[in-house]
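The numbers here are math on the coordinates, done by the rules we state, and not lab data. Because the structure is predicted, anything quoted here is derived from the model rather than measured. Cβ placement follows ideal geometry from the backbone for every residue including glycine, while neighbour counts extend to all protein chains displayed.
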Amino acid sequence: MPTDGVCAPIAELRDRALDRCSRWFPCLADPARRSSLVLKVALVALHLVYAGILFSFDEDLIENTRRQPWYIALYLLLFVAALIQYFVTAGSSPGYVLDAMKAYNEANSLFIRSPTASKHPASSKNGSLTVTVDINQSGRNSLGSSSWSKMVMEFYPLGTSIRTMTCSYCNIEQPPRAKHCHDCDKCVLQFDHHCVWLGTCIGQGNHCRFWWYIFEETALCLWTGILYITYLKTSISGAWEHCPT
Ligand SMILES: [Zn+2]
Ligand SMILES: [Zn+2]
């Protein structure tokens with residue numbers, strides 16, 4: 001009988017070999033083992049295969065396309081629109097806190113340079129952050145490097161420690177509902193989630209685009225599902241009719 005002392009090196013070798021093998025397999029949960037480009041190609045291929053099977057085998061659908069081209073034209077329009085929306089959403093910025101901070105500081109520097117220009121302070125609408133520069137209005141925040149911190153503090157109840165609102169990774173103050181994304185390694189305004197299929201975060205900047213993508217994708221899946229059910233129904237009833245009694 002092998003003792004633990006003898007088995008331990010074998011188990012270690014096995015674990016090492018398994019670990020090496022697992023590194024070659026893609027994993028959606030592990031950022032190091034997934035490629036944003038491969039996922040995009042896989043998603044487009046999935047769409048093409050899903051719809052392609054139908055158009056290759058469903059003779060009734062091909063016949064209907066000749067008789068009612070507008071019906072399939074609408075389907076293809078939705079198909080293309082969903083893919084375009086996918087790439088538009090994937091390429092959009094979710095609204096990074098760092099970018100908002102830079103824009104806010106630039107607005108402040110404009111105010112310093114021009115005595116006629118004044119800064120309209122950031123406003124909160126459902127926790128969102130808007131930075132605008134108005135002319136001939138008096139700003140109420142003090143200017144300088146800490147102006148962002150002061151502006152962010154206005155969103156929190158009095159007495160809140162600056163440490164609780166500072167991201168320990170980016171070392172910048174987060175407005176409410178902002179969160180650090182470990183996949184992007186950035187803080188995101190109104191963080192919703194990190195979408196691995198899109199390869200980006202969903203936040204204040206692209207939430208609307210993401211909603212439209214989900215809407216178009218759901219409509220496309222339902223429509224394709226209905227076409228598949230119709231095809232299967234026709235095939236099964238045709239098979240029953242040709243079945244010898
Ligand atoms: Zn951060
Ligand atoms: Zn992210």
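Data table
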{"quantity": "Residues with amide H under 5 Å from that of LYS179, placed H, sequence gap 5 or more", "calculated": "VAL188, GLN190, PHE191"}
{"quantity": "Distant-in-sequence amide H partners of GLN174 (H built 1.01 Å from N, under 5 Å)", "calculated": "THR166, CYS167"}
{"quantity": "Under the Karplus curve 6.51 cos²θ - 1.76 cosθ + 1.60, θ = phi - 60°, whole-Hz ³J(HN,Hα) for the stretch 75-89, x wherever Gly or Pro sits", "calculated": "5, 5, 5, 5, 4, 5, 4, 5, 5, 4, 4, 4, 6, 5, 5"}
{"quantity": "Phi-based couplings in Hz for the stretch 209-220 (Karplus 6.51, -1.76, 1.60; Gly and Pro marked x)", "calculated": "4, 4, 4, 5, 5, 4, 4, 5, 5, 5, 4, 5"}
{"quantity": "Computed label-point distance, nm, for sites ILE53 and ARG34 using a 7 Å Cα→Cβ extension", "calculated": "2.3 nm"}
{"quantity": "Candidate aspartates and glutamates - alpha carbon under 17 Å from LYS233, same-chain residues fewer than 8 apart omitted", "calculated": "ASP58, GLU59, ASP60, GLU63, GLU241"}
